[in-house]
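Every read-out reported here was derived from the displayed coordinates using simple, explicitly stated rules and does not represent laboratory data. As the structure is a computational prediction, the values presented were derived from the model and not from experiment. Don't worry about glycine lacking a Cβ; one is built from the backbone with ideal geometry, like all the others, and counts go over all protein chains shown.
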Amino acid sequence: MAPKIIYLVPVLSALALPAAAQTASAQTNLSLSAEGSVKVEPDEAVAQFNVQADAPNAAAAQAKVNQAMSKALAAAKALPNVVATTGGYNSYASTPNGQTRPQFTATQSLTLTQPDKGGVPDKAFTDLLGQLQADGLLLNGLSGELSDAGRQSAQRDAIRDALAHLRAEAADIADTLHKKVGALKQLSVNGASAPLPPGPRVMMMKAAAAAPQLAPDKVTISASVSAQIELTSTGN
């Protein structure tokens, strides 16, 4: 009996190999990519200012910028729900044509943010912007944007949209090849946001003027996904 048991093992192994080969040949690995996007209303208004001053010496130029920035921050902090943040501070010397002595310039940026449904600021905020323009600040940008929380929520929706496109395309390809969608082997998600619509650029005003207005468009948030999906025979 012992010799019979020894010779049965290779026979069974040989019989099993064709079945494994048939299973492997019935499977197809599909590499697929898809994109998704959503359009959402902005949830905050953002204004970007630049404070700039020129003077015969660096100290005088910087003093003018410091004074103007201090006044602007005080006005912004007087409004509820307005967040004021200062940016980079820079100063440099230049020699205008026809002059022998250098002129010094100092600059600093200021960003004002107010949570607003649809990204449309209230009258108090736009009045503040108009006042800062009249005080000599340069309004470089005014736009409706998404807060961090709003962007994260929109990003999740964009990923879900991309995955829905991925599933639909995989099912369509499988049907064309007379196969079934099998296991998900690998998935990669790479979210990306589309550029925001440009806001109006409003030049510096020395005299009082009408407050700037804002009617922002929806913000587009996009995401891309890629996957390796197993396609199996319809007979399995």
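Structure summary
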{"read-out": "Sorted peptide list for 143-153, 168-178, criterion being average Cβ within 10 angstrom, highest first", "value": "143-153, 168-178"}
{"read-out": "Local electrostatic count, SER37, Cβ distance below 10 Å [Lys/Arg +1, Asp/Glu -1]", "value": "-2"}
{"read-out": "Around PRO56: net Lys/Arg minus Asp/Glu count, Cβ-Cβ under 14 Å", "value": "+1"}
{"read-out": "Cut-off under 5 Å, modelled amide H: who pairs with GLU44 long-range", "value": "ASP116, GLY119, GLU145, SER147"}
{"read-out": "Which of LYS77, LYS64, LYS179, LYS218 has the fewest Cβ neighbours within 10 Å, and the rest in rising order", "value": "LYS77, LYS218, LYS64, LYS179"}
{"read-out": "Footprinting exposure proxy for PHE125, PHE49 (fewest neighbouring C-beta atoms within 10 Å first)", "value": "PHE125, PHE49"}
{"read-out": "Summed residue charge, Cβ within 15 Å of LEU146's Cβ, Lys/Arg positive, Asp/Glu negative", "value": "-3"}
